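A short reminder: the numbers here are calculations on the coordinates, not readings from a lab. Computed from a predicted structure; not experimentally measured. Neighbour counts run over all protein chains shown; Cβ positions are idealised from the backbone, glycine included.
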Ligand SMILES: Cc1cc2nc3c(=O)[nH]c(=O)nc-3n(C[C@H](O)[C@H](O)[C@H](O)COP(=O)(O)OP(=O)(O)OC[C@H]3O[C@@H](n4cnc5c(N)ncnc54)[C@H](O)[C@@H]3O)c2cc1C
């Protein structure tokens, strides 16, 4: 029997599971190996915010009933650095699902569909003419690197380092208190670099709280991040053993999708939204594209690069443009003011921050008008 897998996926987070599910959706008899250094369920340092768009993608992948894992959180409340507040119902509700639960559910779905799950940390990738060999013994026609923000596969592919300006740093913890059970709450900080604290209500009570800075140069120490969070969320103290920090490779960093048999998806492909720090949607969406391209053998890399450009280039351009503007606190004040006045601006901001949206000219015009008014005021 041929010992070569059709596709080996390195990393079984949302990007890896989505890749495996997509391969098996398109070719149910494909031999798919899903490798992860950790045993599931495993924690992942995250805000646990699952955008409505994520569940839609997973539904299309044939994983329909994830909504049962976390009740709908209908509202998004956001305060700008200057104290402007918007609190509105989202067109589709988001959810909060601890990653220990969410990721294990996706892995189970991939295994139920036929993927083979193996606990294994990949350290070596040898690319040959007609196959890829992992750690000298695991052979696959195509490999998908979905191994997260510290991706080994990305490094071994020779990808450029993500610069500090395109790297966010964040801490998160679990608090027994809840600020608003019906809302994802975001409180922006004043400061040189965009930064915010969040409080997301957990199913069954308590909340995931955290603080992130959208530029590594402005992050400071873990203690400074915690102190900044406490200033913005007084009284919502995380239990110390749940506090963990991590960096986030933003989509403003360099793309790396070379020709050949090794593809990247999710954080390994630096896909995180530079406006919100959301990365699960981008992980699943890029995993879906990688899964499709992976069936093309030596042509997979070029096909994946084209598909990623088609799907994400415009969204990334708009995100990069606006991420430069939000360094200006008055711009954020104006954006929040416009979103409070106009549902259409709010909806566009949600689509841009949590999905694959772009910034409509009409919404930008309303933000510009608010910017001018605030300048006079
Ligand atoms: C503090 C913080 C808060 C965040 N909050 C949110 C949020 O609320 N909502 C949101 O959408 N996004 C959020 N993000 C971003 C989100 O966590 C990531 O974008 C998302 O997890 C990316 O999924 P992934 O599958 O690419 O990688 P991961 O989820 O990191 O999965 C990678 C997997 O690869 C495995 N692995 C790593 N190296 C190897 C190896 N060499 N061999 C085998 N396996 C390996 C790991 O064990 C892991 O299971 C947050 C990030 C941080 C740091």
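With 0.36 nm allotted per residue and the present C-alpha distance subtracted, the residue 135-residue 256 stretch has 41.3 nm of extension available.
Fewest neighbouring Cβ atoms within 10 Å first, the residues 126, 267, 215 line up as 126, 215, 267. Remark: the residue 320-residue 85 segment gains 82.2 nm on full extension, using 0.36 nm per residue and subtracting the alpha carbon distance. Ordered by the number of other Cβ atoms lying within 10 Å of each residue's own Cβ, fewest first, 151, 87 fall into the sequence 87, 151. Over segment 1-45, with a single point scatterer placed on each C-alpha, what log10 of the ratio I(q)/I(0) does the Debye formula yield at q = 0.30, 0.31, 0.34 1/Å? At q = 0.30, 0.31, 0.34 Å⁻¹ the computed log10 ratios are -1.10, -1.13, -1.24. Each part gets one Cα centre, and for segment 10-76 versus segment 181-252 those centres are 24 Å apart.
Arranged from fewest to most other beta-carbon atoms within 10 Å of their beta carbon, 138, 89, 144, 171 become 89, 138, 171, 144.
In segment 46-169, the alpha-carbon atoms span a convex hull of 162 Å³ per residue.
Taking 0.36 nm per residue of separation and subtracting the Cα-Cα distance, full extension of the segment from residue 299 to residue 108 would add 65.8 nm. Distance between the pseudo-spin-label points of residue 224 and residue 120 (7 Å out from Cα toward the beta carbon): 4.2 nm.
Reported to two decimal places, what Rg/Rh ratio describes the chain when computed on Cα atoms with Rh from the Kirkwood expression? Rg/Rh: 0.98.
Counting only DSSP H runs of at least 4 residues, each contributing -39500 (n - 2.57), and dividing by the residue count of the chain, the helix-based mean residue ellipticity at 222 nm comes to -11500 deg cm²/dmol.
Summary value for segment 17-112: 37 percent relative contact order, contacts being C-alpha pairs under 8 angstrom separated by 6+ residues.
Using C-alpha pairs below 8 Å separated by at least 6 residues, the relative contact order for segment 329-370 is 44 percent.
Taken over segment 281-332, the convex hull of the Cα atoms encloses 72 Å³ per residue. Principal axis extents of the Cα atoms in segment 22-101, from largest to smallest and rounded to whole angstrom, are 54, 27, 22. The reciprocal of the average 1/r between distinct C-alpha atoms defines the Kirkwood hydrodynamic radius, which for segment 164-249 equals 12.8 Å.
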